[in-house]
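The values are calculated or read from the model by the stated rules, or taken from the named source; none is laboratory data. These figures come from a predicted structure and were not determined experimentally. Reconstructed Cβ throughout: ideal geometry from the backbone, glycine too, with neighbour counts over all protein chains shown.
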Ligand SMILES: Nc1ncnc2c1ncn2[C@@H]1O[C@H](COP(=O)(O)OP(=O)(O)OP(=O)(O)O)[C@@H](O)[C@H]1O
Ligand SMILES: [Mg+2]
């Protein structure tokens, strides 16, 4: 899997933008990494690469934020508050696992014990190396 060292929020966003430009319809992008790793930063770039112009912020009080206006519709989920498989299974996220557009999921680690088979899954892992450095390991989207 390709990886890169990002040394700034802008560099993480730029990778998101490049992948957003290439991502195919129906893809589910599983984002993992600790608090403050840069997952939301990556999604901002992803949205830009898809041509979404509205401001991206993480869904905190809702399960999903939806962004239209781009090449594909973007569904942005954050599972941080769903701590157990039971909570995840009852949250209603299944429809977003075969999205009519692209779904990107923060805290996708939380899906591991749910037993779902996700086709079109792409993974992006962000590791904190230092205050400004991140190692990003990602599935290339084939373009
Ligand atoms: N190379 C980098 N890439 C991304 N973010 C960076 C980088 N260096 C520093 N940062 C900072 O790290 C923070 C990343 O915040 P962000 O909200 O994107 O993280 P997150 O992974 O979504 O966190 P959470 O788990 O709370 O949702 C920002 O404050 C950003 O400025
Ligand atoms: Mg976030």
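Take the conditions away from ligand 2 (no atom under 13 Å from the Cβ) and buried (at least 22 other Cβ atoms within 10 Å of the Cβ) and apply them to residue 43. Does it pass? No; evaluated as a whole, the condition is false for this residue. Restricting 35, 77, 46 to residues that are without any contact (Cβ under 8 Å) to a residue 40 or more places away in the chain, closer than 24 Å to residue 12 by Cα, in contact with a strand residue (DSSP E or B) (Cβ under 8 Å, 6 or more places away or on another chain) and within 14 Å of ligand 1 (Cβ to nearest atom) narrows the list to 77. Within the range 76-108, the set of residues being in a helix (DSSP H, G or I), under 19 Å from residue 40 (Cβ atoms) and either in contact with a helix residue (DSSP H, G or I) (Cβ under 8 Å, 6 or more places away or on another chain) or within 13 Å of ligand 2 (Cβ to nearest atom) (or both) comprises just one member, 108.
Here are 25, 71: which of them is closer than 25 Å to residue 119 by Cα and surrounded by 13 or more Cβ atoms within 10 Å (Cβ to Cβ)?
Working: 25 fails: surrounded by 13 or more Cβ atoms within 10 Å (Cβ to Cβ).
Every option except 71 fails the conditions.
Can you find, within the range 49-70, the residue that is modelled with the lowest pLDDT among those that are touching a helix residue (DSSP H, G or I) at 6+ places or on another chain (Cβ under 8 Å) and either within 16 Å of ligand 2 (Cβ to nearest atom) or under 13 Å from residue 105 (Cβ atoms) (or both)? Filtering the range 49-70 for residues that are touching a helix residue (DSSP H, G or I) at 6+ places or on another chain (Cβ under 8 Å) and either within 16 Å of ligand 2 (Cβ to nearest atom) or under 13 Å from residue 105 (Cβ atoms) (or both), the one modelled with the lowest pLDDT comes out as 58.
In this structure, is residue 56 outside any helix (DSSP H, G or I) and either under 16 Å from the mean Cα position of the chain (by Cα) or exposed (fewer than 12 other Cβ atoms within 10 Å of the Cβ) (or both)? Spelling it out, residue 56 is indeed outside any helix (DSSP H, G or I) and either under 16 Å from the mean Cα position of the chain (by Cα) or exposed (fewer than 12 other Cβ atoms within 10 Å of the Cβ) (or both). Of all the residues in the range 118-143, those that are on the phi > 0 side of the Ramachandran plot and either exposed (fewer than 15 other Cβ atoms within 10 Å of the Cβ) or within 16 Å of ligand 2 (Cβ to nearest atom) (or both) number 1. What's the number of the condition residue 66 fails, among (1) within 14 Å of residue 43 (Cβ to Cβ); (2) within 16 Å of ligand 1 (Cβ to nearest atom); (3) more than 12 Å from the chain's Cα centre (by Cα)? That leaves (2) as the condition not met. Residues that are within 16 Å of ligand 2 (Cβ to nearest atom) and touching a strand residue (DSSP E or B) at 6+ places or on another chain (Cβ under 7 Å) within the range 6-24 comprise 6, 12, 15, listed in sequence order.
Right, residue 118: away from ligand 1 (no atom under 14 Å from the Cβ) and in contact with a helix residue (DSSP H, G or I) (Cβ under 7 Å, 6 or more places away or on another chain) or not? Considered against the rule, which asks whether it is away from ligand 1 (no atom under 14 Å from the Cβ) and in contact with a helix residue (DSSP H, G or I) (Cβ under 7 Å, 6 or more places away or on another chain), residue 118 comes out as yes.
With the condition kept exactly as written, say whether any residue in the range 24-34 is modelled with pLDDT of 95 or more, more than 18 Å from residue 103 (Cα to Cα) and assigned to a loop (DSSP other than H, G, I, E, B). Give the derivation first.
Within the range 24-34, the subset modelled with pLDDT of 95 or more is 24-34.
Narrowing further to those that are more than 18 Å from residue 103 (Cα to Cα): 34.
Filter again for assigned to a loop (DSSP other than H, G, I, E, B), leaving 34.
Checking the range 24-34: at least one residue is modelled with pLDDT of 95 or more, more than 18 Å from residue 103 (Cα to Cα) and assigned to a loop (DSSP other than H, G, I, E, B).
Could you tell me which numbered condition residue 96 fails, if it satisfies all but one of (1) more than 26 Å from residue 135 (Cβ to Cβ); (2) surrounded by fewer than 19 Cβ atoms within 10 Å (Cβ to Cβ)? Here residue 96 clears every test but (2).
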